[in-house]
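The next block holds one structure in the form of structure tokens; read it before the comments.
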Amino acid sequence: MTENVWSGVTSCFELRKVSVTLNGNQVITRGDVEVRKGELLAVVGPSGAGKSTLLRCLNRLTEITTGEISFLGVPLHDIDPITLRRRVGMLFQLPVMFEGTVADNISYATTLGAPAKDVAEMLIKVGLDPSFANKNASTLSVGEQQRVCLARALVNSPEVLLMDEPTASLDPANTRLVEELMIRLKNEGITIVLVSHNMAQARRLGERVLLMKTGETMGTFPREEFFRDYGEEGNW
Amino acid sequence: MIWDWMVLIRVLSAVGLVTAVIVLTSRLKLGLVSEMAQAMIRALVQLTALALLLSFVFQMEDFAPLLLVLAVMLAFASLTSARRVRDLPNAFRVSLVSILASSVLTITVMVVIGTLPLRGEYLIPLGGMVIGNTMNINSLALDRLRGEVVNQTARVEAALALGARYDQAIAPMVRKGVRSSLIPTVDNMKTLGLVWIPGLMAGMVLAGADPMEAAVFQIVIFSMILASGAITAVLSTRLMSKELFTESHQLSYRG
């Protein structure tokens, strides 16, 4: 764990001069950002700015080309990617269900070696009735599936959750439920990095806001300062 | 086979029949004249060349030419299979290793237990049948694996994001690849003798062999094909799985 000498806040992730080139295209040209431990950082910016790629670099689903990322002071390359991904969970824009029941999905991490968790307890944690356990996962609504994805990720007891537009395909009621869950998890001490194109959501949830434009991190701002300068319309 | 006038008359009769069909199709304007003529000529040339080669190889007492013929068959089979999935990384190497290992293992077991006589006239045609069918199964397995990975990239990455190793993340796609590649062979075995009489048995019966002996040989060859096919499907999908990921368990193949 490293103490940030300037702010006195413990860093969760530190990115220095990060660039990512995919298939010859430089998706991230310069990434310099600090994610503080225990915060909910909203990442905003226009489409194609590199927000999702940046998120995928944090659990090494995508490899950085140059620069350095550290997690709790340890360079990412010194951490086994399997171990890293168990500590840094991820939720995608579209929920992905594995074949089988809801219980099979929630127990997936257990089959990989994570300590067993009570399925009913996990379902209650994400606001679903325990009777969902034996349902075929593919028959659930998108909103229910996204909450099962969250329960599935929580079985690993992650220290960080990376969320890539997790409510983009949900209706307002399910969006509200997932947002409430995010706040609860953040209050439990989980660091959350949330990519969102929904500025109102970024304002509701983000303690700080990271702005990305054309592959570059433009800076991290306290919520009030960011929305005072840029508004909710995305006038960047 | 002795080349006498009767043989020549038989071949010419068959060619004459095909020529008549070609003339008929040209009148029907099916657009198949050129292709049928080419196929007929190629079949004549290729099979005559094979017959000459086999006659030559069988006369030799050395095993080296036999092994050379089998090696050429293996190389062509691997090349054909790899071309089917040419955009997959290292498709030729994966196909060669899988087809080679499974064919050699199956043929060796059959020779060791005495089911397959260690003579050219058995090894070459039966080896060719095993290698050819193994090639088909290898192509089907890799093609299905590719399709599954492309269609289910999100599932693979969701599993990786939960801390799965690459082989755990791709396991459902590997299973589907192996299963679907073996379906035609298993279905063929189920309908053996009911729906169709396979080439080897038909050939032996036509050549005057005892039908029971022909049936036993056919069972042997089908068992070899299934065994070799199952081994190659398991091996090639597993070897290819490794090629689709980086050492950090990142999916590098995107189709």
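Of note, A:G67 does not satisfy the criterion of being under 17 Å from A:V195 (Cβ atoms) and either surrounded by fewer than 20 Cβ atoms within 10 Å (Cβ to Cβ) or of a type in the set (S, T, Y) (or both). Of all residues in the range B:81-103, those that are surrounded by fewer than 20 Cβ atoms within 10 Å (Cβ to Cβ) and either at pLDDT below 95 or out of contact with any Ser or Thr (no Cβ under 9 Å at 6 or more places or on another chain) (or both) total 5. Pick out the one residue from B:R144, B:R83, B:R93 that is part of a helix (DSSP H, G or I), touching a Phe, Trp or Tyr at 6+ places or on another chain (Cβ under 9 Å) and of a type outside the set (A, V, I, L, M, F, W, C). Selected residue: B:R83, the only one of B:R144, B:R83, B:R93 that is part of a helix (DSSP H, G or I), touching a Phe, Trp or Tyr at 6+ places or on another chain (Cβ under 9 Å) and of a type outside the set (A, V, I, L, M, F, W, C).
Can you find a residue in the range A:127-138 that is surrounded by 21 or more Cβ atoms within 10 Å (Cβ to Cβ) and either in a loop (DSSP other than H, G, I, E, B) or charged (D, E, K, R) (or both)? Yes, because at least one residue in the range A:127-138 is surrounded by 21 or more Cβ atoms within 10 Å (Cβ to Cβ) and either in a loop (DSSP other than H, G, I, E, B) or charged (D, E, K, R) (or both). In the set A:R36, A:R60, A:R85, only one residue is within 19 Å of the chain's Cα centre (by Cα), under 25 Å from A:M122 (Cα atoms) and basic (K, R); that residue is A:R85. Among the criteria (1) among the small types (G, A, S); (2) in contact with a helix residue (DSSP H, G or I) (Cβ under 9 Å, 6 or more places away or on another chain); (3) within 15 Å of A:V160 (Cβ to Cβ), the one A:G189 does not fulfil is (2).
For the range A:130-145, the tally of residues that are farther than 26 Å from A:E165 by Cβ and touching a helix residue (DSSP H, G or I) at 6+ places or on another chain (Cβ under 7 Å) stands at 3.
Considering the range B:110-125 alone, what residues qualify as being aliphatic (A, V, I, L, M) and surrounded by 14 or more Cβ atoms within 10 Å (Cβ to Cβ)? Full working, then the answer.
Filtering the range B:110-125 for residues aliphatic (A, V, I, L, M) gives B:110-113, B:116, B:118, B:123-124.
Result: B:M110, B:V111, B:L116, B:L123, B:I124.
Name the single residue that is surrounded by the fewest Cβ atoms within 10 Å (Cβ to Cβ) among those in the range A:89-100 being under 25 Å from A:L185 (Cα atoms) and more than 8 Å from every other protein chain (Cβ to nearest Cβ). The residue in question is A:Q93. Of B:V234, B:V174, all but one fail to be out of contact with any strand residue (DSSP E or B) (no Cβ under 8 Å at 6 or more places or on another chain) and either surrounded by 20 or more Cβ atoms within 10 Å (Cβ to Cβ) or at pLDDT below 85 (or both); the exception is B:V174. Among the residues of the range A:101-111, those that are within 13 Å of chain B (Cβ to nearest Cβ), surrounded by 19 or more Cβ atoms within 10 Å (Cβ to Cβ) and not polar (S, T, N, Q) comprise A:I106, A:Y108, A:A109. Cβ-Cβ distances below 7 Å connect the following pairs, each with a first residue in the range A:178-197 that is in contact (Cβ under 8 Å) with a residue 24 or more places away in the chain, a second residue that is among the small types (G, A, S) and in a strand (DSSP E or B), and a separation of six or more residues or different chains: A:L194/A:A42; A:S196/A:A42. If we scan the range B:136-158, do we find a residue that is surrounded by 16 or more Cβ atoms within 10 Å (Cβ to Cβ), modelled with pLDDT of 95 or more and closer than 16 Å to B:S223 by Cα? Within the range B:136-158, one or more residues are surrounded by 16 or more Cβ atoms within 10 Å (Cβ to Cβ), modelled with pLDDT of 95 or more and closer than 16 Å to B:S223 by Cα.
Residue by residue, here is whether (1) out of contact with any helix residue (DSSP H, G or I) (no Cβ under 8 Å at 6 or more places or on another chain); (2) farther than 28 Å from B:P211 by Cα holds:
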site: B:A101; (1), (2): no, yes
site: B:T106; (1), (2): no, no
site: B:L123; (1), (2): no, no
site: B:R144; (1), (2): no, yes
site: B:G147; (1), (2): yes, yes
site: B:A159; (1), (2): no, yes
site: B:I183; (1), (2): yes, no
site: B:L194; (1), (2): yes, no
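Of the residues making up the range A:209-236, just one is assigned to a strand (DSSP E or B), over 21 Å from A:L22 (Cβ atoms) and of a type in the set (S, T, N, Q), namely A:T220. Taking A:D32 as the residue in question, decide whether it is more than 19 Å from A:V195 (Cα to Cα) and surrounded by fewer than 22 Cβ atoms within 10 Å (Cβ to Cβ). No; evaluated as a whole, the condition is false for this residue. Among the conditions (1) of a type outside the set (D, E, K, R); (2) closer than 22 Å to A:E179 by Cα; (3) crowded, with 20+ Cβ neighbours inside 10 Å, the only one that A:I124 does not satisfy is (3). Scanning the range B:132-178 for residues that are polar (S, T, N, Q), within 10 Å of another protein chain (Cβ to nearest Cβ) and within 15 Å of B:L239 (Cβ to Cβ) turns up nothing.
The set of residues from the range A:63-88 being within 7 Å of chain B (Cβ to nearest Cβ) and touching a strand residue (DSSP E or B) at 6+ places or on another chain (Cβ under 9 Å) comprises just one member, A:E63.
Considering the range A:139-171 alone, what residues qualify as being among the hydrophobic types (A, V, I, L, M, F, W, C), touching a residue at least 60 places away in the same chain (Cβ under 8 Å) and outside any helix (DSSP H, G or I)? Reasoning before the result, please.
Of all residues in the range A:139-171, those among the hydrophobic types (A, V, I, L, M, F, W, C) come to A:140, A:142, A:148-151, A:153-155, A:160-163, A:168, A:170.
Remaining after also requiring touching a residue at least 60 places away in the same chain (Cβ under 8 Å): A:153-154, A:160-163, A:168.
Those that are among the hydrophobic types (A, V, I, L, M, F, W, C), touching a residue at least 60 places away in the same chain (Cβ under 8 Å) and outside any helix (DSSP H, G or I): A:V160, A:L161, A:L162, A:M163, A:A168.
The values are calculated or read from the model by the stated rules, or taken from the named source; none is laboratory data. It should be emphasised that the depicted structure is a prediction, and the values quoted were computed from it without experimental measurement. Because the Cβ atoms are built from the backbone with ideal geometry, glycine has one as well, and the counts that use them run over all protein chains shown.
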